[in-house]
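Colleague: Structure below; questions to follow.
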Amino acid sequence: SESRNVDVQEMDAASRTGIDDIREIIEGVRYAPVAARYKVYIIDEVHMLSKQAFNGLLKTLEEPPPHVKFLLATTDPQKLPATVLSRCLQFNLKNMPPEQIVGHLANVLEHEMVSFEEPALWLLGRAASGSMRDALSLTDQAIAFGAGSLQEATVRQMLGSVDRSHVFTLIEALAQGDGALVVQTCESLRHLGLSASSLLEEMSMVLQRMAVHQATGQTAASDDPDPDMQRIADLAQLMPTDETQLLYSI
């Protein structure tokens, strides 16, 4: 926990990619652990190692001494040679759902005594794309941006994300065939300086949730922690299923 165990060594393969760096590990493997049960080598971003470095490490991975454990961490397992992958147990870390990120952020902020609005946490939870680390660093930025507190308006401004009320208005106008309101909503978003790509991304997320509602035949949203779910459920009743799919495809 305190990063001072002599038997646990971490190497950043992004900055130490060569065979010489791997030789240090290979030479150290021969010696027994000093205090712990095992010598543990953590190689971060292992896919960045050179071909020669992988070849040098392969023999040790094939027949590691019983007192040694290797932990190879990577965001791109497909870049690892098949010879290395075949000698590893592979554990895939799943993306965290937004509601889990929101729950953890709320817990952290309560402990840190930082005031927050829950809709602001949902914005951060969705922006993190399943990564708790990204969510925490975004939250740090948002606290600094909001002068010590997390307000929905300031978080939305920081992320440059579109207010979902605009998205709901737009989808409702499309469902009712109200061309004038569609143009008016797009114009107001343009005047606010919000990007069309973030609007389309937010729309696709809402349409996907609507499609799930339509496919499962749910009419209420009481089980879903997303505060916007009731509005999404109402829109799902308003639009034909084939139109929802068409808009999502577009």
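The values are calculated or read from the model by the stated rules, or taken from the named source; none is laboratory data. Here the structure is a predicted model, which is why all the values come from computation and not from measurement. Counting neighbours? That spans all protein chains shown, and the Cβs are built from the backbone with ideal geometry, glycine included. Surface areas here come from the heavy atoms of the whole protein model, side chains and all, with no ligands, DNA or RNA. Shrake-Rupley method; radii C 1.70, N 1.55, O 1.52, S 1.80 Å.
Colleague: Every residue in the range 36-86 that is open to solvent by less than 40 Å² (accessible area, probe 1.4 Å) and among the β-branched types (Val, Ile, Thr), please.
Modeller: Of everything in the range 36-86, those that are open to solvent by less than 40 Å² (accessible area, probe 1.4 Å) and among the β-branched types (Val, Ile, Thr) turn out to be Val40, Ile43, Val46, Thr60, Val68, Val84.
Colleague: Let me ask something else. Anything in the range 1-14 that is of a type outside the set (Asp, Glu), surrounded by 10 or more Cβ atoms within 10 Å (Cβ to Cβ) and farther than 16 Å from Val34 by Cα? List them, or say none. It would help to see each step written out before you state the result.
Modeller: Taking the range 1-14 first, the residues of a type outside the set (Asp, Glu) are 1, 3-6, 8-9, 11, 13-14.
Now drop any that are not surrounded by 10 or more Cβ atoms within 10 Å (Cβ to Cβ), which leaves 5-6, 8-9, 11, 13-14.
Those that are of a type outside the set (Asp, Glu), surrounded by 10 or more Cβ atoms within 10 Å (Cβ to Cβ) and farther than 16 Å from Val34 by Cα: Met11, Ala13, Ala14.
Colleague: In the range 116-147, how many residues are of a type in the set (S, T, N, Q) and farther than 15 Å from Ala106 by Cα? Quick ask: steps written out before the conclusion?
Modeller: Let us first name the residues in the range 116-147 that are of a type in the set (S, T, N, Q), namely 129, 131, 137, 139, 141.
Next, only the ones that are farther than 15 Å from Ala106 by Cα stay: 129, 131, 141.
Total meeting the criteria: 3.
Colleague: Out of the residues in the range 15-35 meeting the condition of being surrounded by fewer than 12 Cβ atoms within 10 Å (Cβ to Cβ) and in contact (Cβ under 8 Å) with a residue 12 or more places away in the chain, tell me which one is nearest to Pro65 (Cα to Cα).
Modeller: Arg30
Colleague: Moving to a separate point now. If a residue must be of a type in the set (Phe, Trp, Tyr) and either closer than 16 Å to Leu89 by Cα or in contact with a Leu (Cβ under 9 Å, 6 or more places away or on another chain) (or both), how many such residues does the range 27-77 contain?
Modeller: First pass over the range 27-77, keeping only residues of a type in the set (Phe, Trp, Tyr): 31, 38, 41, 54, 70.
Now narrow it down to the ones that are either closer than 16 Å to Leu89 by Cα or in contact with a Leu (Cβ under 9 Å, 6 or more places away or on another chain) (or both): 41, 54, 70.
Looking only at that region, the number is 3.
Colleague: Additional query: State whether one or more residues within the range 117-126 are within 29 Å of Leu189 (Cα to Cα), among the acidic types (Asp, Glu), free of Cβ contacts under 8 Å to residues at least 12 places away in the same chain and surrounded by fewer than 21 Cβ atoms within 10 Å (Cβ to Cβ).
Modeller: Step one: list which residues in the range 117-126 are within 29 Å of Leu189 (Cα to Cα), which gives 117-126.
Next, only the ones that are among the acidic types (Asp, Glu) stay: 117-118.
Within this subset, residues satisfying the condition of being free of Cβ contacts under 8 Å to residues at least 12 places away in the same chain are none.
The answer is no, given that none of the residues of the range 117-126 is within 29 Å of Leu189 (Cα to Cα), among the acidic types (Asp, Glu), free of Cβ contacts under 8 Å to residues at least 12 places away in the same chain and surrounded by fewer than 21 Cβ atoms within 10 Å (Cβ to Cβ).
Colleague: So Asp134 passes all but one of these: (1) in a loop (DSSP other than H, G, I, E, B); (2) farther than 23 Å from Met229 by Cβ; (3) within 22 Å of the chain's Cα centre (by Cα); (4) not small (Gly, Ala, Ser). Which condition number does it fail?
Modeller: (1)
Colleague: Could you look through the range 128-143, keep only residues that are surrounded by 22 or more Cβ atoms within 10 Å (Cβ to Cβ) and small (Gly, Ala, Ser), and pick out the one that is modelled with the lowest pLDDT?
Modeller: Ala128
Here's the yes/no breakdown for (1) among the aliphatic types (A, V, I, L, M); (2) under 30 Å from the mean Cα position of the chain (by Cα); (3) at pLDDT below 85:
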| residue | (1), (2), (3) |
| --- | --- |
| Tyr31 | no, no, no |
| Tyr41 | no, yes, no |
| Val46 | yes, yes, no |
| Leu58 | yes, no, no |
| Val68 | yes, no, no |
| Phe91 | no, yes, no |
| Met96 | yes, yes, no |
| Leu121 | yes, yes, no |
